[in-house]
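Chemist: Dropping the structure in here first, questions after.
The values are calculated or read from the model by the stated rules, or taken from the named source; none is laboratory data. This one's a predicted model, so the numbers in the text were calculated from it and none came from an experiment. Using ideal geometry, Cβ is built from the backbone for each residue, glycine included, and neighbour counts are taken over all protein chains shown.
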Amino acid sequence: MFGKTKVNTQQEDLDKLLEMLKNGASGDISEADASLFHDPKVAEAYNDFVKGWLKANNVFVMRANASMTEIGDSSVVKNMIEEVKRQSEVVDNIHTSGTELENSVTNVQFAVQNIQQNSGDVLVTTRNCSDAIKSSIKTIDETAREVEQVNGEMSGFKVNAENITKIVDQIKDLADNSSLLALNASIEAARAGEAGRGFAVVAQQMGTLSNDTASCADSVVKYVGELLKGIDAIAASLSETSDHLKEGTDGALKSVDSLVAMTDRISEMNRDIDAIFEEINTQSALTEEFIALGNTVASGFERLNSECLSTGEHLYKISRTIDMLRSDMARQRSVLTMQDWITVFEVDHLIFTWRQYNNIVGFEHLKIEQVNNPKGCKLGKWFAAQTDPRIKGCAAFGKAQRDHEELHRHATDCFKAAQAGHRDEAMRHFEMTYQSYKELCNTLADLHKQLRSAGYTEVTDYIRKT
């Protein structure tokens, strides 16, 4: 009966052990409660197995942790993405400048074309003006000659008028003589009496003719005098006109010379404008070629930017997968030392820092509670869980807490700027977050030393021996 009871208790312990092994195979790796076993050594043996298995995982966890310092550091990806982005912006600026240059060249081309056309019109107009002035000079010359000819004829008129005056003087003399003869004839007729009556009539007629002739002669002299004055005035006017025509001819000739010089200069300008127009046409063709090449480069950079983002996102997904495996193994499948945990926390915050950049470029979309939660993160909880005064009382511990808070504060500012769409501001806060992370690393290095001084010296040796 006693033996049977012993067998039964052993079977019950075996059944409990098998159940725990099945649970372990399902993922529930927890230590056995020795109070539930009839033989506590069975539970202790199982627990030693679990601890040994978990401790054996420490090497894997710490190797994965060390790998994440390389995989989780996205500096190369960031530099690649940011450089391609910067170069894409430069290419876009070049493309924009090229388009503006093309528009400017086109505007200049149209302007020069208008100048070319207007210059040609001016040249034609100038030549027409020159021809018109030359024709006018010819007409003026002919008019001047006609004026001189009229002036010469007026001189002849004046001579003839003066000759008329001389003839009239002779006529007046004859009239005076005839009047004297008529008077004498009248006297003689009176003396003759009845016999001289007929002669008296003739004498009377001669007297009347003499008086009329004298009167007409005076009128002729008067009109000839006025005619001579008119001829002198006309001659003076013709002379003045001739002088003005000569001056006009001289001025017109000078204008023609100026127009000829202007025409020559405009012709030279036209040749220069034609040359400029050819140069602008060449520049326009080169600008079009430049724009086409710029479009090709811009398209290439757009594809490159897309490929870089795709590569970065792919690397991010790989790092997240490895990081989750590292984190799960560290927290559920290992028994890390205090020194190991400080190293894990350091890598945790390297990943945390770079997740802010991933959020900026859109590889992942964080939530504010994932960022602004320093007390809820693993390191924050570790700070709160420490009770050893040798740890809590050291300077490195307090500074590590402050650096940790500062890191989360900058990360929160980075997150908020990214959410608002202010990429440049978000990048500025990211750089501050990264600097805070490096400061935290320096402080954690000091904390490692303080822990060793306090007796926490055990460290998992994960370096592969060759």
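Chemist: Can you tell which of Lys381, Lys449, Lys399 is surrounded by fewer than 16 Cβ atoms within 10 Å (Cβ to Cβ), touching a residue at least 24 places away in the same chain (Cβ under 8 Å) and assigned to a helix (DSSP H, G or I)?
Modeler: Values: Lys381 fails: touching a residue at least 24 places away in the same chain (Cβ under 8 Å); Lys399 fails: surrounded by fewer than 16 Cβ atoms within 10 Å (Cβ to Cβ).
Among Lys381, Lys449, Lys399, only Lys449 is surrounded by fewer than 16 Cβ atoms within 10 Å (Cβ to Cβ), touching a residue at least 24 places away in the same chain (Cβ under 8 Å) and assigned to a helix (DSSP H, G or I).
Chemist: Could you go through the range 55-65 and let me know if any residue there is within 44 Å of the chain's Cα centre (by Cα) and at pLDDT 70 or above. It would help to see each step written out before you state the result.
Modeler: We begin by selecting, within the range 55-65, every residue within 44 Å of the chain's Cα centre (by Cα); these are none.
No, the conditions are met nowhere in the range 55-65.
Chemist: When you look at Arg409, is it assigned to a helix (DSSP H, G or I), assigned by TED's automatic domain parsing to the domain that holds Thr337, surrounded by fewer than 16 Cβ atoms within 10 Å (Cβ to Cβ) and not β-branched (Val, Ile, Thr), yes or no?
Modeler: Answer is no for this residue.
Chemist: Determine, yes or no, whether Cys394 is within 23 Å of Asn358 (Cα to Cα) and either out of contact with any Asp or Glu (no Cβ under 6 Å at 6 or more places or on another chain) or without any contact (Cβ under 8 Å) to a residue 24 or more places away in the chain (or both). Working first, answer last.
Modeler: Numbers: within 23 Å of Asn358 (Cα to Cα): no; either out of contact with any Asp or Glu (no Cβ under 6 Å at 6 or more places or on another chain) or without any contact (Cβ under 8 Å) to a residue 24 or more places away in the chain (or both): yes.
When the stated conditions are applied, Cys394 does not pass them.
The rows are residues; the columns are (1) within 40 Å of the chain's Cα centre (by Cα); (2) at pLDDT 70 or above; (3) not assigned by TED's automatic domain parsing to the domain that holds Arg355.
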| residue | (1), (2), (3) |
| --- | --- |
| Lys222 | no, yes, yes |
| Ile276 | yes, yes, yes |
| Asn281 | yes, yes, yes |
| Ser319 | no, yes, no |
| Met324 | no, yes, no |
| Met329 | no, yes, no |
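Chemist: While we're on this one: Identify all residues within the range 316-337 that are assigned to a helix (DSSP H, G or I) and crowded, with 20+ Cβ neighbours inside 10 Å; write none if there are none.
Modeler: Selection gives Tyr316, Ser319, Asp323, Arg326, Ala330.
Chemist: Out of the residues in the range 59-82 that are in a helix (DSSP H, G or I) and among the small types (Gly, Ala, Ser), which is surrounded by the fewest Cβ atoms within 10 Å (Cβ to Cβ)?
Modeler: Filtering first and then ranking leaves Ser75.
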